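Take a look at the structure below.
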Amino acid sequence: MTDSDFAVAQVVFEDVYKSFPTRKGDRTSALAPVESIQVDPTPTDTTPQPKTQPDMMTVLRRINLTVEEGEFMVLVGPSGCGKSTLLRLIAGLEDLTGGNIWIGDRKINHLPPKARDIAMVFQSYALYPHMSVYNNLAFGLRRTQSQRIPKRRSPLVVMRNGCESGLVAATRLLPKPLRYRSKREKWIEQQVQQVAEVLQIESLLDRLPKQLSGGQKQRVALGRAMARDPQVFLMDEPLSNLDAKLRTQTRAQIVKLQRQLGTTTVYVTHDQTEAMTMGDRIAVMNAGQIQQISSPLELYNRPANRFVAQFIGSPPMNFIPVQVKTSRRLYHPQFSLNLPEVWSTLLQPYQGQTLTLGIRPEHLDLASQDPCHIPAEVELVEALGHETYLSLHLNHGSDEREPLIVRINPYQQVTVGEQLWFSVQLDKIHLFDNRTEVALRPNA
Ligand SMILES: Nc1ncnc2c1ncn2[C@@H]1O[C@H](COP(=O)(O)OP(=O)(O)OP(=O)(O)O)[C@@H](O)[C@H]1O
Ligand SMILES: [Mg+2]
């Protein structure tokens, strides 16, 4: 075995497209809303795009993404945006319509799945029912191991392996301490123990899958992929069958194990909390396109467009339409805001136009009555113990369907129906162009 067999690899998507044939009667188009928002952060429009056939539906469009060596990259986005399809393209379970995918220095467009050196965990796990947890974990490891053994072997090695497998077979039925374990089997045992320890399934190693709970089975499935030590891990919503507490625990265990192994990982979820807590970087997807690729905090603090702003953060950002009165003054029928100097150049061309003001729930503070403060009536009080969220009705002119959400100190007494005023933390606001939905960025 050479060092390069275990090298961690970069995964590169280069102008990747994927179309599926539309089925008769299927009127849903995954890409319908995309044309109205010009949000791609790295446009490469000069690249020739594959021609879309009339009976084909494009579900991934112009995907350019580099997952660095050893990086934990999360793909997040709403249901149907193309996350699983992207993962299946890396795994070789779907064919590309256009573009290239590289793992390390190998272009894998046409490589069969088993030659790609990846391990994938699906939402619906499948364990070998007749094998113990130990053997389920060791199974992939044995296969991967033997694939990696150099092709040319000396007659001595062949003879030794032959003797060893004979000894293993002959002693298999003896009590555990008396069984013969080859050097390779000892190595496998070490790997299995390490993974089992991190996933806290050591006590389950002798059980059969039918003797496990759903959550335990899920962790064995995860362990089986991780123990294989592939060049790339692909995980498609692997925690969705777990209850909330186990989900949080297993989330941390996956991150810990990934850091220990240093294996390049692409992890798919539609859960923004999972994305924020697990990813080194996150690629936010919508309707077949990548909207933004950034670190979790960068996404939260500097969303590139309104889609990312509303998708990342829970409860989500508030959006309020405002008119640009002067280059430093925003007007709403209920309040007006005087912005810091940094905005003036940027807002100059927008004078008289309407923009969307974005404010996160924690960037509004209870304040006195004032023309610069937002007046709103309390509709709901959600006390979570460590923090309280107010759901409020903003009088006139706002997007009436959406309540204003504000986070307040849990010790603050507030009652439903009460009229309150909120000051805005002006250095934390976001403004979005109403036509393109792109965020305006002042030169701070
Ligand atoms: N084999 C297929 N044939 C036709 N359309 C498909 C096929 N597989 C996926 N699609 C379509 O491609 C789009 C993206 O599907 P995909 O499974 O990648 O979404 P997803 O982001 O993983 O969603 P979810 O979060 O619900 O799992 C969907 O509109 C889906 O209906
Ligand atoms: Mg999916």
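What follows is calculated from the coordinates using simple rules that are stated; it is not laboratory data. Remember, it's a predicted structure, so these values are computed and weren't measured experimentally. Here the Cβ is made from the backbone with ideal geometry for all residues, glycine too, and neighbour counts use every protein chain on show.
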Can you tell me the FRET efficiency between residue 370 and residue 245 if r is taken as the Cβ-Cβ distance and R0 is 56 Å, rounded to the nearest 0.05? 0.80
For residue 281, which sequence-distant residues (separation of 5 or more, or a different chain) have an amide H within less than 5 Å of its own amide H, given hydrogens modelled in the peptide plane? 72, 74
If each residue of separation counts as 0.36 nm, what is the full-extension length gain between residue 206 and residue 362 once their alpha-carbon separation is subtracted? 51.2 nm
How big is the C-alpha Rg of the range 133-265 next to the rule-of-thumb value 2.2 N^0.38 Å, as a ratio? 1.18
Helix axis angle, 183-198 relative to the chain longest principal axis, alpha carbon, degrees: 30
Would you mind checking 176/217; 114/217; 18/217; 176/256; 245/428 for any pair whose Cα atoms are more than 29 angstrom apart? 18/217; 176/256; 245/428
For the chain, what is the mean residue ellipticity at 222 nm derived from helices alone (per DSSP H run of n ≥ 4: -39500 (n - 2.57); sum divided by total residues; nearest 500 deg cm²/dmol)? -8000 deg cm²/dmol
Segments 417-427, 218-228 sorted - mean Cβ within 10 Å per residue, highest first: 218-228, 417-427
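Ranking request for peptides 163-170, 264-271, 292-299: highest mean number of other beta-carbon atoms within 10 Å first, then the rest in descending order. Mind showing how you got there, number by number?
Working: 163-170: 12.6, 264-271: 23.5, 292-299: 18.4.
Ranking the peptides 163-170, 264-271, 292-299 by packing returns 264-271, 292-299, 163-170.
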Karplus couplings for the range 369-378 from phi (6.51 cos²θ - 1.76 cosθ + 1.60, θ = phi - 60°), rounded to Hz, Gly and Pro as x? 5, 6, x, 8, 9, 7, x, 7, 9, 6
With θ set to phi - 60°, apply the Karplus curve 6.51 cos²θ - 1.76 cosθ + 1.60 along the range 245-260 and write out the HN-Hα couplings as whole Hz, x wherever there is a Gly or Pro. 5, 5, 4, 5, 5, 5, 3, 5, 5, 4, 4, 4, 5, 4, 5, 5
Expected vector for the range 411-416, Karplus 3J(HN,Hα) from phi with 6.51, -1.76, 1.60 and θ = phi - 60°, integer Hz, x for Gly and Pro, equals 8, 6, 8, 9, 10, 4
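Which whole-number value in Å³ per residue fits the convex hull of the alpha carbons of the chain?
On the way: hull volume 86.2 nm³, N = 444.
Spread over its residues, the Cα hull of the chain gives 194 Å³ apiece.
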Mind listing the long-range amide H neighbours of residue 207? Cut-off is under 5 Å, sequence gap 5 or more, other chains count too, H placed in the peptide plane at 1.01 Å from N. 133, 134
To the nearest 10 degrees, how steeply does helix 214-227 sit against the main Cα axis of the chain, on a 0 to 90 scale? 70
Mind ordering 174-186, 119-131 by average Cβ neighbours within 10 Å, highest first? 119-131, 174-186
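State the antiparallel share, in %, of DSSP beta bridges confined to the chain, rounding to the nearest 5. If you can, show how the numbers build up before the last one.
Values: 60 of 78 bridges.
Taking every DSSP beta bridge within the chain, about 75 percent pair in antiparallel fashion.
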Amide hydrogen neighbours beyond the local backbone of residue 9, cut-off 5 Å, H modeled: 70, 264
Rounded Å value of the spacing that divides the Cα centres of the range 204-260 and the range 338-399: 42
Pulled fully out, how much extra length does the chain show between residue 181 and residue 440, if you take 0.36 nm times their separation in residues and subtract their Cα-Cα distance? 86.8 nm
